[in-house]
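Presented below is the structure to which this report refers.
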Amino acid sequence: MTTAHSSEERIFEGMQALNKGLSPKFERCAGITPTRLRLLQELFQVDEISQINLQKGIDIDAAAITRHLKGLEEAGAISRRNNPSDNRVTLVSLTTLGREKIAAYKEEKNRFINSLLTGFSEQERTQLMDMLDRLQHNIDLL
């Protein structure tokens with residue numbers, strides 16, 4: 001038996017469905033997860049950064065960043081080393097391969113975004129950005 005849903009419930013369910021579907025579709029299209037691309041983009045801005053500062057910069061937990069960096073290291077996109085002045089600190093940097101791949105990933109990201117927004121006018125895109133900003137603001141208040 002189906003039950004009538006309030007508009008608020010339908011909106012929430014729609015947002016959950018978008019959240020669930022976005023990352024795997026992006027990864028299939030771009031060949032990298034959104035989180036790993038964010039990590040690479042952050043690393044592209046610096047020569048080298050501590051793993052803890054990178055973690056704080058993109059706001060993910062310690063276990064997640066370790067898992068993502070391990071995968072990127074195995075793919076040859078990043079390198080990690082102990083800080084010579086403090087062995088407790090791990091330093092992370094992009095490899096040459098990582099710097100080369102980031103441009104292709106960005107192109108795929110742009111294609112993916114353009115596909116998502118097909119049929120949306122500029123006015124609708126602006127309204128969507130405004131609504132997403134307001135939703136994020138409300139989430140931050142919770």
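The values are calculated or read from the model by the stated rules, or taken from the named source; none is laboratory data. Model, not experiment: these values are computed from the prediction. Glycine also receives a Cβ, built like all others from the backbone with ideal geometry; neighbour counts cover every protein chain displayed.
Of note:
- Search result, residues across region 24-34 that are surrounded by 16 or more Cβ atoms within 10 Å (Cβ to Cβ) and of a type in the set (A, V, I, L, M, F, W, C): PHE26, ALA30, ILE32
- Residues considered: ILE32, ILE11. Of these, the only one that is under 27 Å from ILE139 (Cβ atoms), among the hydrophobic types (A, V, I, L, M, F, W, C) and in contact (Cβ under 8 Å) with a residue 12 or more places away in the chain is ILE32.
- Tally of residues being surrounded by 12 or more Cβ atoms within 10 Å (Cβ to Cβ) and either touching a Phe, Trp or Tyr at 6+ places or on another chain (Cβ under 6 Å) or not aromatic (Phe, Trp, Tyr) (or both) across region 114-142: 5
- Screening region 1-48 for residues that are among the polar types (S, T, N, Q) and in a helix (DSSP H, G or I) and picking the one that is farthest from the chain's Cα centre (by Cα) gives SER7.
- So LYS106, is it of a type outside the set (Asp, Glu) and either at pLDDT below 95 or farther than 22 Å from ARG28 by Cβ (or both): yes
- Test for ALA62: is it of a type in the set (A, V, I, L, M, F, W, C), touching a residue at least 12 places away in the same chain (Cβ under 8 Å) and either touching a Leu at 6+ places or on another chain (Cβ under 7 Å) or over 21 Å from ASN19 (Cα atoms) (or both): no
So that you can scan it fast, the table gives a plain yes or no per residue for (1) more than 29 Å from GLN136 (Cα to Cα); (2) buried (at least 16 other Cβ atoms within 10 Å of the Cβ):
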position	(1), (2)
GLN16	no, no
LEU22	no, no
ARG36	no, yes
LEU43	no, yes
VAL89	yes, no
GLY98	yes, yes
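- Residues of region 76-119 that are in a strand (DSSP E or B) and aliphatic (A, V, I, L, M): ILE78, VAL89, LEU91, VAL92, LEU94.
- Selection status of ASP59, modelled with pLDDT under 95, under 17 Å from THR35 (Cα atoms) and either loosely packed, with under 13 Cβ neighbours inside 10 Å or in contact with a Ser or Thr (Cβ under 9 Å, 6 or more places away or on another chain) (or both): yes
- Test set (1) touching a helix residue (DSSP H, G or I) at 6+ places or on another chain (Cβ under 7 Å); (2) at pLDDT below 95; (3) more than 30 Å from LEU128 (Cα to Cα) - ALA77 fails condition number: (2)
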